[in-house]
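Single-structure report; data block below.
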Amino acid sequence: MTVLDMAQMRLREVNATLQAAAKARGNDGFEVINPRGSHAVAVGLDGPLSVTVRGSTGYYCAGMNKAATVTVAGSAGPGVAENMMSGMVVVEGDASQYAGATGRGGMLVVRGNAASRCGISMKGIDIVVQGNIGHMSAFMAQKGNLVVLGDAGDALGDSLYEARLFVRGCVASLGTDCVEKEMRAEHLDLLSGLLAKAGVDADPASFRRYGSARKLYHFDIDNAAAY
């Protein structure tokens with residue numbers, strides 16, 4: 001395990017080291033210490049690298065991740081795992097707003113709570129939040145799965161496309177074109193796999209599923225007030 005100390009190294013040097021190691025695909029992993037809330041830590045990793053960040057981070061930690069496993073042993077600021085392509089990002093604490101935004105693949109796990117707009121415009125990422133999520137989460141979510149063990153704020157799934165939302169707690173309100181849907185056997189199997197991958201022990205049958213009512217795919221004058 002190689003230790004990178006951000007009290008001694010500049011952010012650009014830390015990220016350049018991690019990015020080079022990810023492309024080399026032959027190392028024992030890295031530990032980043034003293035992040036001190038720095039922005040854009042461990043971004044753009046393009047390979048099967050293991051990185052543990054010891055402390056909380058600022059904006060866009062682990063953004064554009066591809067194939068790497070990044071663990072934040074603390075909390076993360078806005079946009080953690082933004083535009084993630086594959087791999088795994090785990091936040092041991094809380095995540096600020098728009099966690100996993102526009103993510104196309106891989107899995108983001110938040111052990112604590114996530115703030116507003118979690119999973120906004122997600123395009124294939126799987127997000128598992130063990131606590132609560134804030135308002136407007138999964139806004140315009142196109143593809144992927146959002147799993148919430150706690151409660152969801154107002155306007156969940158507003159203008160949703162084909163992403164699947166699973167919530168175990170209470171939902172303050174549903175957004176435009178988002179409705180509760182039947183939890184069938186295939187959804188229980190899917191959710192069971194997501195929970196297992198995230199290392200979460202929970203009964204899939206205790207969740208409710210939400211998805212798109214598919215009334216806003218094409219403009220309809222009768223629905224003009226909803227756009």
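Only helical DSSP H runs with n ≥ 4 go in: add -39500 (n - 2.57) per run for the chain, normalise by residue count and round the 222 nm mean residue ellipticity to 500 deg cm²/dmol.
Helix-only estimate at 222 nm: -4000 deg cm²/dmol.
Take CYS170, CYS61, CYS178, CYS118 and order them by how many other Cβ atoms sit within 10 Å, fewest up front.
Ranking CYS170, CYS61, CYS178, CYS118 by Cβ neighbours within 10 Å, fewest first, gives CYS170, CYS178, CYS61, CYS118.
Once you have the Cα-Cα distance between VAL200 and ASP5, take 0.36 nm times their residue separation minus that, and quote the gain in nm to one decimal. Don't jump to the answer; show the numbers that get you there.
Working: separation 195, 0.36 × 195 = 70.20 nm, distance 3.11 nm.
Working it through step by step, the gained length comes to 67.1 nm.
Could you list ASP151, ASP203, ASP177 so that the one with the fewest beta carbons within 10 Å of its beta carbon is first and the one with the most is last? Present the calculation step by step, with values, prior to reporting the outcome.
Numbers: ASP151 17, ASP203 11, ASP177 20.
Placing the least packed residue first, the sequence is ASP203, ASP151, ASP177.
About the Cα centre of region 139-227, how large is the charge dipole given +1 on each Lys and Arg Cβ and -1 on each Asp and Glu Cβ? Please answer in debye to the nearest 20.
Charge dipole, region 139-227, about its Cα centre: 200 debye, nearest 20.
Going by how many other Cβ atoms sit within 10 Å of their own, how do ILE127, ILE120 line up, fewest first?
ILE120, ILE127
Going by Cα centres, region 107-174 and region 1-65 are how many Å apart?
The distance from the Cα centre of region 107-174 to that of region 1-65 comes to 27 Å.
Assuming R0 = 22 Å, what is the FRET efficiency of ASP222 and ALA172, from their Cβ-Cβ distance, to the nearest 0.05?
Details: r = 27 Å, r/R0 = 1.23.
FRET efficiency, ASP222 to ALA172: 0.25.
Report relative contact order for region 136-227 in percent, whole number only (criteria: Cα-Cα under 8 Å, sequence separation at least 6).
The normalised contact order for region 136-227 reaches 28 percent.
ASN27 versus LYS143, label points 7 Å from Cα toward the beta carbon: distance in nm?
Placing both labels 7 Å beyond Cα along the Cβ direction yields 3.1 nm.
Which residues in region 55-73 place their backbone N less than 19 Å from a point set 7 Å from the Cα of ASN34 along the Cα-to-Cβ direction?
55-58, 73
Let me have the relative contact order for the chain, percent, based on Cα pairs under 8 Å that are six or more residues apart.
Computed over the chain, the figure is 10 percent.
Dipole size in debye (nearest 20) for region 4-62 around its Cα centre, Lys and Arg Cβ +1, Asp and Glu Cβ -1?
Value, rounded to 20: 120 debye.
Could you size up the charge dipole of the chain around its Cα centre, putting +1 on the beta carbon of Lys and Arg and -1 on that of Asp and Glu, and report it in debye to the nearest 20?
Roughly 440 debye for the chain.
Mind computing the radius of gyration and Dmax over the alpha-carbon atoms of the chain? Å is fine for both.
17.8, 61
Values in this text are rule-based calculations from the coordinates and carry no lab data. This structure is a prediction, so every number in the text was calculated from the model and none was measured. Cβ atoms come from the backbone with ideal geometry, glycine included; neighbour counts cover every protein chain shown.
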